[in-house]
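Here the structure comes first, spelled out in C-alpha cells, and everything after it is commentary.
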Amino acid sequence: MNFLKSALIIYLKKPLIIIYVAIATLVLTLVGFLNPLSSLVKLYSTFITDSITNTVIIISKEIYKIGVIPYIALGVLVLSLMLAILSGVIYSGYFYIIFKSVKKIKPLKNDIITGIKKYFVKVSYVFFEFYFMIFGFLALIPLILVPHIVILNKAIENNSVTFFNNTLIALVTGGVILLVILLILVEFTFRMPSIFFFNKKPIEKSKLTLSMAYWTIFGRVALFLIVLIMIGYLILSINIPIIVAILNWIFGTIFFSLFSIYMFYDFMRVLNKLKKK
C-alpha cells in the first residue's frame, strides 16, 4: 500500500511520468493494431503444416543447425543493439525524472534533456543486456518445447494421454520458461535504477543491493508478471480488435508506469535499509 500511495503522489506531482508512457504505449498499440503481421502470425501454422506442434518441431529442425545458429546469434545481437539505442534515447530522460521524483528532488524544466545527456550510454547498456538475454532465450523456446510436444504426440498416437504426459509436463515447461524470464526481469529491475543512484560501478553495486532482499524483490516482480499475463490474456480473449487496442493502451499505460516507479522506489527502499546496517 505504501508503494501505491507513493506512486499516486508522484503521478499527481509529476503527471508527465504517466503521460510519457501513455504516448509511448499508444504508439505501440497503433503499430500492433495496424500491423497485418499480427493476424498472419495467428495463421502461421497453415503455411507450414496443419498442426502448430508439428510446426514447432519443423522450425526447430531448420533453425537449430550449426550453419544457421551464427545468423540467429547475429540477428539477436543486432536487434538488441538497435532497440537498446532507441530505448536509451526514449527512456534515459524519463527514468531520470522518476529518479528525481522518488528522491523528492525538485524537478527542472530540462530534466529530460539532462537525463539523456547524463545517462544515455548507461541506460542503453542495461537495455542491451536485457534485450540480448530476453531475445536469446526466446530464440531457444521452440527447442525447449520439443520434448513436451514429442511426448504428447507419442501419447496421442498410442491413445495413452494422461495427466503426466499432457498437463504436468506442459506446466513444468511453461514454469521453466516463466522462471527464466522472471530471473532476467529481477536483474533488470535493480540494474536500471542503480546507474542513477551510483556514479561508480553501478552494476556491481546493484548486485550487492539486490542480494540484500532478493526473494522479496523476486516475489514482487513475479506478482507484476502474473498480473501482466493474466490481464493480457483476458484482454486478448476479446474478439473485438478496437476494444482490445483500447484496453491494451489503458492497461499498458498503468502497468508500465507503475512498474517504472516500482523499480526506483524499491531500490531506494532496500538501499536505505542497507545504509542503516
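None of the figures in this text is laboratory data; all of them are computed from the coordinates on show. Keep in mind that what you see is a predicted model, and the values were worked out from it rather than measured. Methodologically, a virtual Cβ is constructed for each residue, glycine included, from the backbone with ideal geometry; neighbour enumeration extends over all protein chains shown.
Summary of computed values
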{"quantity": "Largest-first ellipsoid semi-axes for the range 139-277, taking √(5λ) over the Cα gyration tensor eigenvalues, angstrom", "calculated": "37, 22, 12"}
{"quantity": "FRET efficiency, 1/(1 + (r/R0)^6) with R0 25 Å, evaluated for Leu274 and Leu182 via beta carbons", "calculated": "0.60"}
{"quantity": "Cβ-derived FRET efficiency at R0 30 Å, Ile141 paired with Phe218, nearest 0.05", "calculated": "0.90"}
{"quantity": "Which listed pairs, of Lys106/Lys200; Lys117/Lys205; Lys5/Lys201, have C-alpha distances above 29 Å, in listed order", "calculated": "Lys5/Lys201"}
{"quantity": "Neighbour-count order for Ser6, Ser211, fewest beta carbons within 10 angstrom listed first", "calculated": "Ser211, Ser6"}
{"quantity": "Inter-probe distance in nm under a simple model that places probes 7 Å from Cα toward Cβ, at Asn158 and Ile85", "calculated": "5.4 nm"}
{"quantity": "Sites Leu228 and Ile113 - FRET efficiency at Förster radius 25 Å, r taken between beta-carbons, to 0.05", "calculated": "0.20"}
